[in-house]
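In what follows, a single structure is set out as structure tokens and then discussed.
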Amino acid sequence: MQERIGFVGLGIMGRGMVANLAAKGYRPTVWNRTPGKADGLEVDEAEDLAALAKGSDVIAICVSDTPDVVEVVSGLKDGLSEGQLIIDHSTISPLETRRLALELVPRKVDWLDAPVSGGSEGAVQGTLTTMVGGSEADVRRARPILECYSTTITHLGPVGSGQLAKLVNQILVVGNQLAASEALLFAEAAGLDLARTLNAVKGGAAGSWMLANRGPQMITNNWDPGFTIDLQQKDLRLVLDTADKIGTPLPGTALIFQLYRALQQSGLGHEGNHALIKALRQLAGEISRA
Ligand code: NAP
């Protein structure tokens, strides 16, 4: 029998994931803190988190940060019962993830951390990369659900491993973002045609998802977020906190963290993470265009 799915958090990512669940034959029950976010989706809306938990076998969460997941789980608690599975798609602290999972053990509620990558486009197209931590049995149970919005699903190990792999992913994302920003700044200053330059380099060894998807936005000064600077900064904080605990030096990532901090302080936290180029433009003395 098909599992009943509850989904918490209809932001940029959650909305696309829920639309894919509905398109693949599920009828999710959803809850979002701000009302009205489920408009236009083929779903049922729960009155509150406890009601969502009572009516679901599997509960997926996709909210912003660690304290937000803690708050959501606390709201779900009154409705939780033995045998349920929570799948957390948010990117949060691996240590806090392990604590949350342990807290639910006496209730016999299982936990998978399943953070995703692939941007807002991946959520809409159902082509996300999902990094999973938890037991083999829970991953098997979750797979038909994850396959509705993911094309790559990797089981990394026990609870917390998915979040750790996502932090690896974020080190790569911001490194690619800095490279794309420096390259386009250089092309601009050298007087190259930016669209032609992008076309020339994006398919070769220098190509990246960031360059292909955010490059066109960067050269047209379109700062609409697929992923906001505020959330990117949150992920880098998780990376640097974890690196500090395990004693790994990450000088490049620490530098990018500071550049994003400068953009946040300029009031740009709501813009897309590709606005990193604005920090470089400021360094280059081009403040007016930033
Ligand atoms: P978003 O558009 O800002 O949406 C955040 C969602 O979380 C909203 O539904 C928001 O509800 C909800 N929320 C935040 N705090 C909450 C709280 N305390 N209680 C209940 N709900 C709360 O963010 P997003 O881009 O969808 O990202 C969601 C998660 O996916 C984040 O952990 C992010 O790092 C991760 N992620 C994002 C991307 C991306 O490209 N966007 C890619 C991979 C992973 P309201 O509507 O009430 O604000």
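The values are calculated or read from the model by the stated rules, or taken from the named source; none is laboratory data. None of the values given here were measured: they were computed from a predicted structure. Virtual Cβ from ideal backbone geometry, glycine too; neighbours counted across all protein chains shown.
Among the candidates LEU95, LEU112, LEU100, which residue alone is closer than 28 Å to GLU47 by Cβ and in a helix (DSSP H, G or I)?
LEU100
Could you check region 228-251 and list, in sequence order, the residues that are near the ligand (Cβ under 10 Å from one of its atoms) and among the aliphatic types (A, V, I, L, M)?
Scanning region 228-251 gives LEU231, LEU238.
Name the residues in region 11-28 that are surrounded by 18 or more Cβ atoms within 10 Å (Cβ to Cβ), of a type in the set (A, V, I, L, M, F, W, C) and in contact (Cβ under 8 Å) with a residue 40 or more places away in the chain, would you?
Within region 11-28, MET13, MET17, ALA19, LEU21 qualify.
Criterion first (at pLDDT 95 or above and within 12 Å of the ligand (Cβ to nearest atom)) does SER150 satisfy it?
yes
Report, by residue number, each residue of region 209-227 that is of a type in the set (S, T, N, Q), within 15 Å of the ligand (Cβ to nearest atom) and farther than 18 Å from TYR260 by Cβ.
Within region 209-227, ASN213 is the sole residue that qualifies.
Can you work out which of the residues in region 58-92 that are hydroxyl-bearing (Ser, Thr, Tyr) and more than 17 Å from SER161 (Cα to Cα) is farthest from the ligand (Cβ to nearest atom)? Quick ask: steps written out before the conclusion?
Pass one, region 58-92, residues hydroxyl-bearing (Ser, Thr, Tyr): 64, 66, 74, 81, 90-91.
Among the residues that remain, those that are also more than 17 Å from SER161 (Cα to Cα) are: 64, 74, 81.
Working: SER64: 4, SER74: 10, SER81: 21 Å.
Once the filter is applied, the top-ranked residue is SER81.
Scan region 129-147 residue by residue and report those that are closer than 22 Å to LEU100 by Cβ and within 12 Å of the ligand (Cβ to nearest atom).
THR130, MET131
What pairs come out if I take residues in region 65-77 that are closer than 18 Å to GLY55 by Cβ and in the same structural domain as GLU103 (by TED's automatic domain parsing) and pair them with residues that are near the ligand (Cβ under 9 Å from one of its atoms) and assigned to a helix (DSSP H, G or I) whose C-beta lies under 8 Å away, six or more apart or interchain?
From residues that are closer than 18 Å to GLY55 by Cβ and in the same structural domain as GLU103 (by TED's automatic domain parsing), the pairs are VAL72/LEU49; GLY75/LEU49; LEU76/LEU49.
Going through region 173-220 one residue at a time, which ones are in a loop (DSSP other than H, G, I, E, B) and touching a helix residue (DSSP H, G or I) at 6+ places or on another chain (Cβ under 8 Å)?
Passing the criteria: ALA206, GLY207, SER208.
Filter region 96-118 for residues that are out of contact with any Asp or Glu (no Cβ under 6 Å at 6 or more places or on another chain) and either modelled with pLDDT under 95 or within 15 Å of the ligand (Cβ to nearest atom) (or both) and give the result.
Within region 96-118, GLU96, LEU100, ALA114, PRO115, VAL116, SER117, GLY118 qualify.
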